[in-house]
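Participant: Sharing a structure with you now.
Bear in mind these aren't lab numbers, they're just calculated from the coordinates by the rules spelled out. This structure is a prediction, so every number in the text was calculated from the model and none was measured. Cβ atoms come from the backbone with ideal geometry, glycine included; neighbour counts cover every protein chain shown.
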Amino acid sequence: MKKIVLLSCLLVFIGSNLYSQDFRSVRFGLQASPTWSWLRTDDKKIEGLSSNWGLKLGAMGEFYFARNYAITTGLGFGFNQGGFLQNGYDRGVFWPKSDLSSPGLDTLPQNAKLHYRVNYVEIPIGLKMRGGSGEDSRMKFYAEIPVFTLGFVTKGTGDIRGTNTQNSDDENIRPDVNGLSLAWGLGAGVEYEFATNATLVAGLAYQRQFTDMTKNKGAVEFQGDWEKENSKATANILALKLGILF
């Protein structure tokens, strides 16, 4: 009973404090952010190589619980996320559930490169902090730490290179990509209020998956022995965040 009373008093205190503050408690906006993504694995024989250029589009929302502190969220789309992985095993089967349009690519030789291009619907949630030269300053600096992102795969395509016989383009690899992604990240940048209730946002954001992008239903051969392919592949994404808040 005492805990309930104390919690009630705390909520009343916070509510009255927020009510007395002179600041906008909610802001909404849009972003269009170029991205640079690459893949890494925990298997030394499956190496991450080149990266993908992509794009994040979506809506942003900021819910302030103090003048310069907010919970951020939104709904967005991440396009062309992923990168290249190179097979270091003698042979490997990496996309067994996908119906490859090019025959003979179900078993890949050493040094074959697999290119992942994955699209997501994303729901981020994070904590934002702002600061500047003064409360009335048009320019403010911000940091978002941490930001957690829930992603749902909408499309997965891939290419295969370096087989010495033939290559492939635009294979549908959605069956071999995990449908759910969880990621953490952080970001920092500047805001500039160029008009009443209109603010430009520019900054850098980093995002890293902590769930496996691949389903690991394939197999690899090393020195004549076959075993299940069980590497964990995660995407790393660097974004140039560009947006506007109202």
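Participant: Straight-line reach from Lys45: which lysines have Cα under 25 Å away, leaving out those fewer than 8 places along the same chain?
Facilitator: Counting by Cα, and skipping residues close in sequence, Lys45 has these lysines nearby: Lys97, Lys113, Lys215, Lys217, Lys228, Lys232.
Participant: Have a look at Phe222, Ala205, Ile160 and report the one farthest towards the positive end of the charge dipole of region 125-246, computed about the Cα centre with Cβ charges (Lys/Arg +1, Asp/Glu -1).
Facilitator: So the residue we want is Ala205.
Participant: In the neighborhood of Tyr116, defined by Cβ-to-Cβ distances under 13 Å, what is the net charge if each Lys or Arg adds +1 and each Asp or Glu adds -1?
Facilitator: +2
Participant: Compute the label zone of Asn68 within region 183-209: residues whose backbone N is under 19 Å from the point 7 Å along Cα-to-Cβ.
Facilitator: 187-194, 199-204
Participant: Within 10 Å of each residue's Cβ, count the other Cβ atoms and sort Ile237, Ile160, Ile244 from fewest upward.
Facilitator: By the 10 Å Cβ count, ascending: Ile244, Ile160, Ile237.
Participant: Continuing with this model, one more query. I'd like to compare 31-42, 122-133: which one has the highest average count of other Cβ atoms within 10 Å, and what's the full order after that?
Facilitator: Result, highest mean Cβ count within 10 Å first: 31-42, 122-133.
Participant: Straight-line reach from Lys140: which lysines have Cα under 25 Å away, leaving out those fewer than 8 places along the same chain?
Facilitator: Lys56, Lys128, Lys241
Participant: Starting from the Cα-Cα distance between Asp159 and Gln223, subtract it from 0.36 nm times their residue separation and give me the gain in nm to one decimal. Please report the intermediate quantities before stating the final value.
Facilitator: Details: separation 64, 0.36 × 64 = 23.04 nm, distance 2.65 nm.
Result for the pair: 20.4 nm of gain on full extension.
Participant: Order these by the 10 Å Cβ neighbour count, fewest first: Arg138, Arg161.
Facilitator: Placing the least packed residue first, the sequence is Arg138, Arg161.
Participant: Let me ask something else about it. Could I have the simple spin-label model distance between Ile125 and Asn111, label points 7 Å from Cα toward Cβ, reported in nm to one decimal?
Facilitator: 4.8
Participant: Treat the count of other C-beta atoms within 10 Å as a stand-in for reagent exposure and order Val153, Val118 from fewest to most. Display every interim value, and only then the final one.
Facilitator: On the way: Val153 18, Val118 27.
Arranged by neighbour count, lowest to highest, Val153, Val118 become Val153, Val118.
Participant: Still on this structure: Report, in cubic angstrom per residue, the convex hull volume of the C-alpha atoms of region 24-118. Show your work: numbers first, answer last.
Facilitator: Working: hull volume 13.3 nm³, N = 95.
Roughly 140 Å³ of hull volume per residue.
Participant: Give the dimensionless ratio obtained when the Cα radius of gyration of region 24-245 is divided by 2.2 N^0.38 Å.
Facilitator: 1.19
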